[in-house]
Amino acid sequence: MNSSPQIILLTGTPGVGKTTVAALLHQKGFQILSLNDFIISDGLYFGFDYIRESVIIDEEIVQKKLLNLFSTISGYLIIESHAAEIVPAEFVHHIIILRCAPKILRARLEQFRKYSKAKINENIQAEIMEECLIATQEIFPAEKIIQIDSSSSSPDEIAEKIISIIS
Ligand code: ADP
């Protein structure tokens, strides 16, 4: 099937609420891909970085597999990922960056994640330094990038905002 999916990237520091919002959007009928799950389930990584407590992604093969996938689907596909810059840019319609106040993010990571103190601090630092925003700004034009504060909106409100952006 010939197709050209429109990709909505849902990105942000771990803990900002990507998975939660993606699940809500899925309930509302949107196609969702968790890039992390895709990478793990298809073994698209070189190994595990025990210092950074994360997989070392084989970006080239991930991009190849994504292009294969994109050739089989059409319509909107919401890709949820911390590492949005891996996704081939030509398909990306909008980039939604969820942001979170550092204090709230710390509380979420301490409560819900089995991260070490160092990993939690690394993520808080990344949020303060706007690493996701900077990484996306290096690739995508400003008009495609939208930030939503997840500290002041519920997951439902965020999902609705994203739907209104898409439409
Ligand atoms: P991510 O996928 O970005 O790592 P998650 O979706 O796993 O983040 O969310 C981390 C935690 O924060 C979860 O326990 C979730 O219930 C909570 N959470 C997510 N979004 C919100 C929100 N907008 N308001 C309050 N809590 C939230």
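Please treat every number below as a calculation from the coordinates, not as lab data. Note that this is a predicted model, so its numbers are computed, not measured. All Cβ positions, glycine included, derive from the backbone under ideal geometry; neighbour counts span all protein chains shown.
Summary table below
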item: Calculated P(r) of the stretch 22-167 - Cα pairs past 28 Å, %; result: 20
item: For the stretch 126-145 and the stretch 73-99, distance of Cα centres in Å; result: 13
item: FRET efficiency, 1/(1 + (r/R0)^6) with R0 25 Å, evaluated for Ile128 and Ser41 via beta carbons; result: 0.20
item: Fraction of antiparallel bridges per DSSP, the chain only, in percent to nearest 5; result: 15
item: Most to least packed among 143-152, 65-74, 92-101 [average Cβ atoms within 10 Å]; result: 92-101, 143-152, 65-74
item: Charge dipole of the chain about the Cα centre (unit charges at C-beta), most positive-ward option of Asn36, Pro5, Thr136; result: Asn36
item: Helix runs (DSSP H) in the chain reaching 18 Å along axis by Cα, Kyte-Doolittle at least 1.0; result: none
item: Debye, to nearest 20: dipole size of the chain, +1 on Lys, Arg Cβ, -1 on Asp, Glu Cβ; result: 460
